[in-house]
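Asks: Structure provided below as structure tokens; questions to follow.
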Amino acid sequence: MGIFGALTTAVTGMRAQSYALENVSGNIANSQTTAFKRIDTSFQDLIPDNIPSKQLAGGVIASARATNTVQGDIQSASVGTFMAINGDGFFVVQKPTSVQDNAPVFGGSDYYTRRGDFQPDKNGYLVNGAGYYLMGLPIDPATGNTTGSVPQLLQFQNDFLPAQQTTSVEYRANLASYPLTNNHDIDIPRSELLNPANFSANPIYGPPSPARVLGSGATLSPDAVATGTGSVDISALASAGGTLEINGTAIAITAGADEVAVLAAINAQTGTTGVTASLNGTGRLVLNSADADTNISIGGASTLSVLSELGLNVGTTNATNLLTQNAVGAGQTMVIQVGGNPALTVTFGTGPGQVSTLAELSTALGAVTGGTGTVDTTNGNVTINAANMTDTISIDGTIAHTVFGMRTLSAQPSNGSVIGNDLPAFINSSIGGGAVTAYDVSGSPVNIQLRWAKVDSQLYGGQDTWNLFYQVNSNATGTQAAWLNAGTSYTFGANGQMNPQVPTLQLSNVTIDGVNLGDIQIAHGAGGITQFADPNGNAQVNLLKQNGFPAGELQTVAISEKGRIVGSYSNGRTIDLAEITLANFNGANFLKRIDGGAFEVTDESGTPTYGASGTIIGSSLEGSNTDIADEFTKLIVTQQAYSANTRVISTTNDMVQDLLNMIR
């Protein structure tokens, strides 16, 4: 058997090298095939039965050695749905068995591949270049969690993403400790603050209150009698005699009269002149009117020598009242009406029933029906309060109402709103706080405008306090609400931090320009609103975003760095749609290869387990793991081995010929 055994063994060697050559050829042919896994060749010796002293080398048989776990190079790609696996794992896929009504029909058999050149088809499936359809786990867009644990075919239609109503706004900002409002003037204390006196309806946070016209900023002098003081000491007077005319009354001064006689003569006519006389500590004559309605007039009919010896001059010394301060003119009126109650008309002048002093005005205002009226007799500020929560106040008449600190001529019950009539005052006494687009339940957009107003300051003995407002009607006029107070006071300590903290704020039933947004929570977080010095004097917004969005149509899908399929919608939203499942096998190299770079499960490979350790890289592809240089080396070695086996056959043939020739 030796010669013929050698011949048979050489044939097995040629057959084995032919098999190896076929694998080398296939590896080279697929060197550019996406995720191709080369096949290496293993050789196994075949030993015939023999006794130990006469063992033979035996023949050879070739078998495949898979490289399914050997990764190819990962290369970037421009297609967003292309993906590569870095590490262990296989994509789970299926292949349709038929097509019905232009839609694929699947048989339910799962396959596995590393080929990741997936692209959406007309039906919304992700299909790779070999025709395999990707499987994974859908994601609930509301929670961001996967639904189920068994991979299913992934299909993404151009459906609309439902609108999400705005329910929360994250807002963080710094408020300048001295806001540079339009009204601010560094030379005027409190000019940077919101002054309720400028508003028909007080917008500062607080419980609802009746209508009020608040006087502020009046600069009238208090009522005062007229006083005239002589310029000479008359304590040793011996008058030359004559006449002294006071307020049109001639008072006779007898010759030789001393200061006591002069005082007696003047005071004897007080009932007529309304003027009294006395001496001050330096012996000078002091004339005082009886009240703030009476002036002191020294007439020209007075004897010059008498005027000279008393230190007086012809002229009038006015009392201090509304008329002499030119605050009002005789005959002018102030008309006050509260709700449907009778109006009160105050007429200014010196006639019967007329008002000329702040004291008289205070008495007159006591007759306001349906409310109260007061005047600050130290400065002239007039305040009118309604008694009923539903009544309004109107101010009319011919006077200049600002003289009495009344900056508005009407007042509405206060509920923390800025009405249309008060818009200029509000804009001029507040600073912008930013804006954000919110959405109602149907996805309709609406712009939420925010403004801040400082209402108190430690500079003037109070505590730094701010109110936040949001716009509700951009076209408000008259008594329509234009802005609403957010409903809390933001107070700050000396360190610029809120004290107490306001981490969240609930706005109830928010309606803006007719669009109902429902309840919205303003979330500041810990220390989200601060008050630090800022030379710009504004509100520096650090964060302003909301959680709503309009409906949107799916436009594109891509692969995220987390291995999730992400959908981009026409509304700008990016939503995780599905999680790509990676399968792993204990015996991955024992999977059965099928066309298109896919594999089937075998008994040797074991069943798949999901959640392989590999990571998915989007916009990338895994290349073939074939090494051309290595394959060329194998090609040379295979050729040499094959040639050597042919030499064995030719040598064996020569030996057989020698044997046959010997017989001949």
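The values are calculated or read from the model by the stated rules, or taken from the named source; none is laboratory data. Computed from a prediction, not measured in an experiment: that's the story for all the values here. Here the Cβ is made from the backbone with ideal geometry for all residues, glycine too, and neighbour counts use every protein chain on show. These area figures cover heavy atoms from the full protein model, side chains too; ligands, DNA and RNA do not enter into them. Shrake-Rupley method; radii C 1.70, N 1.55, O 1.52, S 1.80 Å.
Asks: Working out 0.36 nm times the residue gap between Ile61 and Val232, then minus their Cα-Cα distance, what length gain in nm do you get to one decimal? Numbers along the way, then the final one.
Replies: On the way: separation 171, 0.36 × 171 = 61.56 nm, distance 14.68 nm.
Using 0.36 nm per residue and subtracting the Cα-Cα distance, I get 46.9 nm.
Asks: What FRET efficiency comes out for Ser568 versus Gln100 if R0 is 30 angstrom and r is the Cβ-Cβ distance? Round to the nearest 0.05.
Replies: 0.45
Asks: Still on this structure: With N set to the residue count of segment 543-603, report its C-alpha Rg divided by 2.2 N^0.38 Å to two decimal places.
Replies: Dividing the Cα radius of gyration by 2.2 N^0.38 Å gives 1.81.
Asks: Related question: Which whole-number percentage describes the relative contact order of the chain, with Cα contacts under 8 Å and a sequence gap of 6 or more?
Replies: Dividing the mean separation by the residue count of the chain yields 23 percent.
Asks: Counting other Cβ atoms within 10 Å of each Cβ, which trypsin sites (Lys or Arg not before Pro) in segment 75-170 have at most 12 and sit in a DSSP loop?
Replies: Values: sites: Arg114, Arg115, Lys122; in loops: Arg114, Arg115, Lys122.
Counting only loop positions with at most 12 other Cβ atoms within 10 Å, the trypsin sites (Lys or Arg not before Pro) in segment 75-170 are Lys122.
Asks: Taking only the alpha-carbon atoms of segment 232-304, what semi-axes of the equivalent ellipsoid follow from 5 times the gyration tensor eigenvalues under a square root, in whole Å, largest first?
Replies: Over the Cα atoms of segment 232-304, the semi-axes work out to 19, 15, 10 Å.
Asks: In Å and whole numbers, how far do the C-alpha atoms of segment 440-538 stretch along each principal axis, longest first?
Replies: 44, 32, 23
Asks: Roughly speaking, to the nearest percent, how much of the chain's 1.4 Å accessible area is carbon and sulfur?
Replies: 50
Asks: Right, here's the next one. Of the listed peptides 229-235, 171-177, what is their order by residue-averaged count of other C-beta atoms within 10 Å, with the highest listed first? If you can, show how the numbers build up before the last one.
Replies: Details: 229-235: 15.3, 171-177: 20.3.
Put in order of decreasing packing, that is 171-177, 229-235.
Asks: Per the Cauchy relation, a quarter of the hull surface: what is the mean projected area of the convex hull of the alpha carbons in segment 47-197, in nm²?
Replies: The Cα convex hull of segment 47-197, projected and averaged over all directions, gives 24.5 nm².
Asks: To continue, here is another question. Just list whichever of Lys37/Lys122; Lys95/Lys122; Lys562/Lys592 have alpha carbons separated by over 27 Å in the model shown.
Replies: From the list (Lys37/Lys122; Lys95/Lys122; Lys562/Lys592), the Cα-Cα distance tops 27 Å for Lys37/Lys122; Lys562/Lys592.
Asks: Taking 7 Å along the Cα-to-C-beta vector as the label spot, tell me the Gln506-Thr488 distance in nanometres, rounded to one decimal.
Replies: 1.1
Asks: If you take the Cα Rg of segment 350-479 and divide it by 2.2 N^0.38 Å, with N the number of residues, what do you get?
Replies: 1.42
Asks: Which number do you get for Rg(Cα) / (2.2 N^0.38 Å) in segment 280-327?
Replies: 1.34
Asks: Please compute one quarter of the surface area of the Cα convex hull for segment 457-510 and express it in square nanometres.
Replies: Averaged projected hull area, Cα only: 5.3 nm².
Asks: Then there's this: Which value in deg cm²/dmol, rounded to the nearest 500, describes the helix-derived mean residue ellipticity at 222 nm for the chain, given -39,500 (n - 2.57) per DSSP H run of n ≥ 4 and division by the residue count?
Replies: Using -39500 (n - 2.57) per qualifying helix, the result is -5000 deg cm²/dmol.
Asks: Quick one: compute the contact order of segment 359-461, relative version, from alpha carbon pairs under 8 angstrom and 6+ residues apart, as a percent.
Replies: 14
Asks: Sticking with this structure for a sec: Return an integer: the convex hull volume of the alpha-carbon atoms of segment 346-395, in Å³ per residue.
Replies: Residue-normalised Cα hull volume stands at 74 Å³.
Asks: Right, next: With only alpha-carbon atoms counted, please give the Rg and Dmax of segment 132-183, in Å.
Replies: Spelled out, the Cα radius of gyration and Dmax of segment 132-183 are 22.5, 71 Å.
Asks: Continuing with the same structure: Just to check I understand the Karplus step: with θ = phi - 60° and J = 6.51 cos²θ - 1.76 cosθ + 1.60, what whole-Hz values come out for segment 153-165, glycine and proline as x?
Replies: Going residue by residue, I get 4, 9, 9, 10, 8, 7, 6, 8, 7, x, 5, 10, 5 Hz, with x marking Gly and Pro.
Asks: Residues of segment 240-261 with the amide nitrogen closer than 18 Å to a label point 7 Å from the Cα of Ser308, along Cα-to-Cβ, please.
Replies: Label zone hits: 240-245, 253-257.
Asks: What do you get for Rg/Rh of segment 198-323 when both radii come from the Cα atoms and Rh is the Kirkwood radius?
Replies: 1.30
Asks: Which entry in [x] 249; [y] 185; [z] 200 matches volume of the Cα convex hull per residue in Å³ derived from the coordinates of this structure?
Replies: Only one listed value fits the structure, namely [x].
Asks: Still on this structure, I have one more. Take each of the peptides 96-103, 146-153, average the number of other beta-carbon atoms within 10 Å over its residues, and list them starting from the highest.
Replies: Those peptides, ordered most packed to least, come out 146-153, 96-103.
Asks: Figure the gain on full extension for Asn475 and Thr316 (residue separation times 0.36 nm, minus the Cα-Cα span) and round it to one decimal in nm.
Replies: Working it through step by step, the gained length comes to 51.6 nm.
Asks: So for segment 1-100, considering every pair of alpha-carbon atoms, how many percent are separated by more than 23 Å?
Replies: 54
Asks: Specify the inter-centroid distance of segment 238-290 and segment 337-372, based on alpha-carbon positions, in whole Å.
Replies: 37
Asks: For segment 508-618, what relative contact order do you get, as a whole percent, if you take Cα pairs closer than 8 Å and at least 6 residues apart?
Replies: Relative contact order comes out at 17 percent.
Asks: If you don't mind, there's one more thing I want to ask. Measuring from label point to label point, each 7 Å out along Cα→Cβ, what is the Ala435 to Thr607 span in nm?
Replies: 6.1
Asks: With the convex hull built on the Cα atoms of segment 262-406, state its orientation-averaged projected area in nm².
Replies: Result: a mean projected hull area of 10.8 nm².
Asks: Near Asp576, within a Cβ-to-Cβ distance under 14 Å, what is the net charge of the other residues, with Lys and Arg +1 and Asp and Glu -1?
Replies: Residues close to Asp576 contribute a combined charge of 0.
Asks: Moving to a separate point now. Excluding ligands and nucleic acids, what accessible area in Å² is computed for Glu553 using a 1.4 Å probe, to the nearest 10?
Replies: Per-residue accessible area (Glu553): approximately 70 Å².
Asks: If we count every other residue with Cβ under 14 angstrom of Phe469's Cβ, Lys/Arg +1 and Asp/Glu -1, where does the sum land?
Replies: +1
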